Amino acid sequence: MLDRATRTARSARRLGIVAVWAATFAWAWGYILVKWSSLDGLHFAMFRLWTGAVISCIVLVGTGRRLSREAFRACALGGVFFAADIGLGFTAIKHTTIADVAVIGALAPVAIAIISARRLHEHIEGRDWVLVGISFVGVAVVAIASSGVPSWSPFGDLLAACGIATWSAYWFFSRHVRERADPIVYFACVMLAAALVMTPTAFLLAGIPSWPSSRDWFAIAGVALVPGFVGHTLVIWSHRHVESWLSALITQCTPVITVTLAWVLLGETLPPLAIVGGAIVIVATGLVLVAAARRDGRADLDEAAERVS
């Protein structure tokens, strides 16, 4: 019975890693769509959050779930952190380059990995620490090599740096609440709370917005559905099965994918050195995943040998 439970847990962990990878690719589209839209960052965030709230409520009803007052109270703080994070991130991307926002944002997974090791008592091998550092260096190479785009500004970089704290806070709060909340219910609470926080903030700091164009609505719906609902629901579900440091390291590949998409779709330059940096990130992250898979495989073999003996 114990062996079956152990195998089930390992299977769920592997599926959780796949979910984090899928979310990583989904999140990579977020900055592209925001940059493509003509809305400013705060107004885009406001419309995106209300669209996300509508999508989440539709999914709630469609799956037979209900949103209680107690659940909303328990999860609402996550919405405050989330609203702050996307407000900072969307505004930053309107003031500086995608590459700069990407590399600064890549500091958040590193911070999560360090805090996880210290506070959550998650074990990280010495080799994995080295690979974490190498992976971040690769992200830095991508951003530095792509930073020749003239739309850079220190204000945008500062906003992106503030986003490190808000994203880390949202990440750990989600992991804590996920132990007792359904992922779809939790994300619906986050969307509603974030929309309620962002609306007066956007009106106060950016004024009353004009009605979005069809192009803007396409970008808003795309961000709300793909990086928003799909990406975040997958990661929220994975929190129960994947260590914070490992899932954070996987998401560190998001900037590489984003910069590549910006090169292909928005015409932002991608020098050869950026390609080298992207390869460093992918290889370093892959080595960590391979090492983790091998450790699981050895454990499975040991259990099989014990059963045979």
Item checked: Test: residue in region 10-26 that is at pLDDT 90 or above, of a type outside the set (A, V, I, L, M) and either open to solvent by 20 Å² or more (accessible area, probe 1.4 Å) or assigned to a loop (DSSP other than H, G, I, E, B) (or both) -> yes
Note to self: Can you go through THR269, THR201 and tell me which one is of a type outside the set (A, V, I, L, M, F, W, C) and modelled with pLDDT of 85 or more?
What the structure shows: THR201
Check: How many residues does region 271-285 contain that are open to solvent by less than 30 Å² (accessible area, probe 1.4 Å) and either hydrophobic (A, V, I, L, M, F, W, C) or not in a helix (DSSP H, G or I) (or both)?
Finding: 3
Check: Taking region 231-264 only, how many residues are under 24 Å from THR8 (Cα atoms), buried (at least 18 other Cβ atoms within 10 Å of the Cβ) and not small (Gly, Ala, Ser)?
Finding: 14
Checklist line | Every residue from region 231-265 that is within 20 Å of ILE98 (Cβ to Cβ) and in contact with a Pro (Cβ under 8 Å, 6 or more places away or on another chain) | finding: THR251, GLN252
Next item on the list: Confirm whether ALA169 is closer than 28 Å to ALA262 by Cα and surrounded by fewer than 19 Cβ atoms within 10 Å (Cβ to Cβ).
Entry: yes
Check: part of a helix (DSSP H, G or I) and either open to solvent by 10 Å² or more (accessible area, probe 1.4 Å) or touching a Phe, Trp or Tyr at 6+ places or on another chain (Cβ under 9 Å) (or both): does that describe PRO209?
Finding: no
Margin query: Restricting to region 60-103, count the residues that are closer than 15 Å to SER174 by Cβ and either open to solvent by less than 50 Å² (accessible area, probe 1.4 Å) or not hydrophobic (A, V, I, L, M, F, W, C) (or both).
Written below: 11
Item checked: The one condition in (1) over 29 Å from LYS35 (Cα atoms); (2) modelled with pLDDT under 85 that ALA102 fails to fulfil -> (1)
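The values are calculated or read from the model by the stated rules, or taken from the named source; none is laboratory data. Source: prediction; values computed, not measured. All Cβ positions, even for glycine, are placed from backbone atoms using ideal geometry, and neighbour counts span all protein chains on display. Please note that ligands, DNA and RNA were not included when accessible areas were found on the heavy atoms of the full protein model with its side chains. Shrake-Rupley method; radii C 1.70, N 1.55, O 1.52, S 1.80 Å.
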